Each structure stands twice: as structure tokens, then as C-alpha cells.
Amino acid sequence: MKIVLVAGARPNFMKVAPLLQQCDRAQNIRAVLVHTGQHYDEELSSIFFRDLGMRAPDYELKVGSGSHAVQTAEIMQRFEPVCQAERPDIVLVVGDVNSTLAAALVAVKLGVPVAHVEAGLRSFDRTMPEEINRVVADAVATWHFTTEPSADENLRREGIPDGRIHFVGNVMIDTLLACREQAAKSRILEALALRNGSANPVPYGVVTLHRPSNVDDLARLGPLVRALREIAVELPLIFPVHPRTSDTLQHMERGGGNERLRLVRPLGYLDFLNLVSHARLMITDSGGIQEETTILQVPCLTVRETTERPVTITCGWNRLVGMSPAVLVSACREELAHATRSGKTPALWDGKASQRIIDILMK
Ligand code: UD1
């Protein structure tokens, strides 16, 4: 059986890594890895291949950045001949980025069945580009591999037959669990002067913001950054800045940061995992980080009105704080007033999702 696995942007790499490993281990699967090049910087792409021990892609489409239409169309144009030449039995796509949508469309139109990993998640907010990508990828996929029960319900509501929905757990958590030991060796806490030698780290929080709705407009990002500075008076914050965010931050004085709100370059996988696992709290608008903090048992405040990952809330580790900077500040204060927190672990987030997926595809 030949499977083409497609990855393109930062959050794809940790999802594809364990699937590729399972495929490469199986005797009767030939896996072909395609990197679309949606993300291309060392800090958003190459470092993840090294940190995750992934082999080099078989194809690099080098599409680069562009508007949604340009980027999606470019991926489609460059992926179609690859699919025609390889004639795979399955094209496997992960997550909800433009590369996911583009590859799924190309495959299904060539008559190649699509497996969508992380299917069925819905924010019900169609202004999010990822929501469109998810809905379309699911509409054309043959196999829908889901991470949480809400996704199964969403797919059923959209008319996907039960036999095509497979609740398998979370491949990103496979990677997190597999990499924890290695991440523990990272020296990022020392590099950021958050720990001296073997002492416990000083308390700190971690911030990531990259959603277009939060970061593209200074009128929105400016007040958020000022709220972060207010929080940082009580708890120093480390903010690895996505390139999309730094484009806007350059219009603020000192780029928005100070000695308590420390802006740093994007981090690799192992350093980031280590940094978050020791954090007192996380502030983010990312989808994947809501899931990672649920497993790391780090309280997460999500700067969005909706989440497509409600299990992170019902398990007790994530809270939606909406878009108001004032609410963010008070939510952080409430969180810091809690001495300890407890919560649950979502079902099947046990490190074996990729094995389940490959077993199902083999059948
Ligand atoms: C994309 C995904 C988003 C995901 C995020 C993770 C879509 C629609 N969005 O958003 O779901 O959460 O990745 O990072 O697929 N850039 C660089 N270097 C790179 C790549 C991009 O500097 O290697 C800059 C460019 O200025 C580019 C901008 O970042 O225009 C945005 O990149 P793009 O891939 O369009 O979307 P992301 O915001 O990264």
C-alpha cells in the first residue's frame, strides 16, 4: 500500500511525524512524504524535522507565502503532478491548514481516497480560515480520524456515515509523549535565565498569539499587548513571536515587549515543550496548544470566543477568555490565585493514536 502524507505548516509536522514513523516501520506500506513549503523558515519548519527526527521529505513543493487563494492554488498545482506520478492508494492529510485543504481537493479529484487526521473539529466560526479548511477536507475525505467525541457528533450531523468515523485519539499527543524525555534535556530555561543550575525555575507564563483576528490589526493587538504587560508585572511572561505577529508588533514602541514581557524568536519543538511544561500558565490563541497544555496539566487561557476543541475545557485545563484585554487580565489574576488545579485527561490521548490509524488503514 502506498500512502502519500502531506505536511506544510508548523502544526502539521508533529502530527505527521508519528504517522510517518508507523508507516516506515510497517513492512507493506510505502510512505511518501510531501512538504508543501507553506512554512519554509528554519524556525517554522527545518528545526521541527530535526527535533522530531523526521526524515527529509520525498517532495518539497516550495510554495511559500501568499493570499489564501494564491497559496491554496499553488499547492494544488504543484501537488497534482506528484499525485499523478506516485499514484498512491491513499493521501493522508492532517489538521486544518491551507495545505490540508489543497492536498485533499487534488487527491479526491484524481480519484485517490483521502484520510483526514484530526477530522470533525468545529469552532462554528466561518470567519476562521481553518474552519473552512476543516469543513471542506471532511466533506471529501473517506476516512475521518477524530480526537474527541465532539468531532464524531459534528461529522454525523454533517451526514458522514458512522463507518467512516474513527475515534482514535490524538497524534499530536503521541509526539508530545514520545518527546517528553528528550525535551526535559532542553536548556531553554537556562538560556532565558528562568532557572539557575538545578534549582526550580522561577514562576513564569508563556504567551503565543498568531490568529489573524488577534494579530493582523494593531488596533486589536496593541491593547492585548498592553494587557500582557499588566499581567507581566505579577508573572513574567515569555512570548515566542510568530512572524505574522512580529509584522504588526514592529509598529509598537520597543516591539511591544519589556523586561517582564519578553519577546523571543519562535522556538523549536523540544525547547517549546520544555518551556510550557514548567510554566505557571499559558496564554494562547492556538488550537494545538490548548491540547498540549491539557496533557501537560498547565492552565491555559485561550484568547478566542470559540474553540473547536471543547474537550480541553471539559477536562478542566482550558478556559476561553474571549477577546477583551480586561477580561484576560482578570482571568490571569483568578488563575494565579488558585494554588493548585486538577483536571482530567481526554480519552485515548495515550500515545497510540497513530498506531490505531495505520491499523485501520491497513484493514
Ligand atoms: C498557518 C495556518 C494556521 C496555523 C499556523 C501555525 C492556514 C490558513 N493557517 O497560519 O492555521 O495555526 O500556520 O503557524 O493555513 N511566514 C514566515 N515564514 C514562514 C511562513 C510564513 O515569515 O516560514 C510569514 C509570512 O509573512 C506569511 C505569514 O507568516 O505571509 C503567514 O503565513 P501563512 O502560512 O499564510 O499562515 P500562518 O499565519 O502561519
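Can you pull out every residue in the stretch 336-360 that is assigned to a helix (DSSP H, G or I) and either free of Cβ contacts under 8 Å to residues at least 40 places away in the same chain or under 24 Å from the mean Cα position of the chain (by Cα) (or both)?
If the condition is that a residue be assigned to a helix (DSSP H, G or I) and either free of Cβ contacts under 8 Å to residues at least 40 places away in the same chain or under 24 Å from the mean Cα position of the chain (by Cα) (or both), then A337, A353, S354, Q355, R356, I357, I358, D359, I360 are the ones that fit.
Filter the stretch 66-76 down to residues that are within 11 Å of the ligand (Cβ to nearest atom) and free of Cβ contacts under 8 Å to residues at least 12 places away in the same chain and give me whichever is least open to solvent (accessible area, probe 1.4 Å). Show your work before the answer.
Applying the first criterion (within 11 Å of the ligand (Cβ to nearest atom)) to the stretch 66-76 yields 66-68, 70-72, 75.
Within this subset, residues satisfying the condition of being free of Cβ contacts under 8 Å to residues at least 12 places away in the same chain are 66-67, 70.
Values: G66: 43, S67: 65, V70: 82 Å².
Across the stretch 66-76, the extreme among qualifying residues is G66.
Give the number of residues within the stretch 35-62 that are of a type in the set (S, T, Y), within 13 Å of the ligand (Cβ to nearest atom) and open to solvent by 40 Å² or more (accessible area, probe 1.4 Å).
Final tally of qualifying residues: 2.
Just to verify a result, which residue in the stretch 1-21, among those that are assigned to a strand (DSSP E or B) and within 16 Å of the ligand (Cβ to nearest atom), is nearest to L361 (Cα to Cα)?
Only one residue fits best here, namely V6.
In the set L121, L105, L110, L155, which member is within 16 Å of the ligand (Cβ to nearest atom) and without any contact (Cβ under 8 Å) to a residue 60 or more places away in the chain? Lay out the reasoning, then the answer.
On the way: L121 fails: without any contact (Cβ under 8 Å) to a residue 60 or more places away in the chain; L110 fails: within 16 Å of the ligand (Cβ to nearest atom); L155 fails: within 16 Å of the ligand (Cβ to nearest atom).
After ruling out the rest, the residue left standing is L105.
Looking at the stretch 287-301 only, could you name the residues that are touching a Phe, Trp or Tyr at 6+ places or on another chain (Cβ under 7 Å) and part of a strand (DSSP E or B)?
The one that is touching a Phe, Trp or Tyr at 6+ places or on another chain (Cβ under 7 Å) and part of a strand (DSSP E or B): C300.
Can you give me the number of residues within the stretch 137-152 that are open to solvent by less than 10 Å² (accessible area, probe 1.4 Å) and more than 12 Å from the ligand (Cβ to nearest atom)?
Of the residues in that region, 8 qualify.
Would you please list the contacts, defined by Cβ atoms under 8 Å and residues six or more apart or on different chains, that run from a residue in the stretch 8-21 that is farther than 14 Å from D41 by Cβ to a residue that is open to solvent by 10 Å² or more (accessible area, probe 1.4 Å) and within 10 Å of the ligand (Cβ to nearest atom)?
Matching pairs, first to second residue: P11/V97; P11/S286; P11/G288; N12/V97; M14/G288.
Quick one: which residue in R134, R126 is within 16 Å of the ligand (Cβ to nearest atom) and open to solvent by less than 10 Å² (accessible area, probe 1.4 Å)? Can you show your working first?
On the way: R126 fails: open to solvent by less than 10 Å² (accessible area, probe 1.4 Å).
Residue meeting the stated conditions: R134.
Among the residues that make up the stretch 251-264, is at least one of them within 11 Å of the ligand (Cβ to nearest atom) and closer than 26 Å to G66 by Cα?
no
In this structure, does R156 turn out to be surrounded by fewer than 19 Cβ atoms within 10 Å (Cβ to Cβ) and either modelled with pLDDT of 95 or more or under 15 Å from L273 (Cβ atoms) (or both)?
yes
Being touching a Lys or Arg at 6+ places or on another chain (Cβ under 9 Å) and not aliphatic (A, V, I, L, M) is the filter here; which residues of the stretch 207-243 pass it?
Residues satisfying the conditions are H210, R211, P212, S213, N214, D216, R229, E234, P236, F239, P240, H242.
Would you confirm whether any residue within the stretch 107-117 is buried (at least 19 other Cβ atoms within 10 Å of the Cβ) and either farther than 20 Å from K2 by Cβ or hydroxyl-bearing (S, T, Y) (or both)?
no
Restricting the search to the stretch 22-53, which residues are of a type outside the set (A, V, I, L, M) and not in a helix (DSSP H, G or I)?
Correct list: Q27, N28, R30, H35, T36, G37, Q38, H39, Y40, D41, G53.
Conditions (1) away from the ligand (no atom under 13 Å from the Cβ); (2) out of contact with any Lys or Arg (no Cβ under 8 Å at 6 or more places or on another chain), marked per residue:
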position	(1), (2)
I283	yes, yes
Q290	no, no
I295	yes, yes
L301	yes, no
E305	yes, yes
E308	no, no
T312	yes, yes
S324	yes, yes
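The values are calculated or read from the model by the stated rules, or taken from the named source; none is laboratory data. The structure displayed is predicted, hence computed values, not measured ones. Methodologically, a virtual Cβ is constructed for each residue, glycine included, from the backbone with ideal geometry; neighbour enumeration extends over all protein chains shown. With ligands, DNA and RNA removed, areas are computed over all heavy atoms of the protein, side chains included. Shrake-Rupley method; radii C 1.70, N 1.55, O 1.52, S 1.80 Å.
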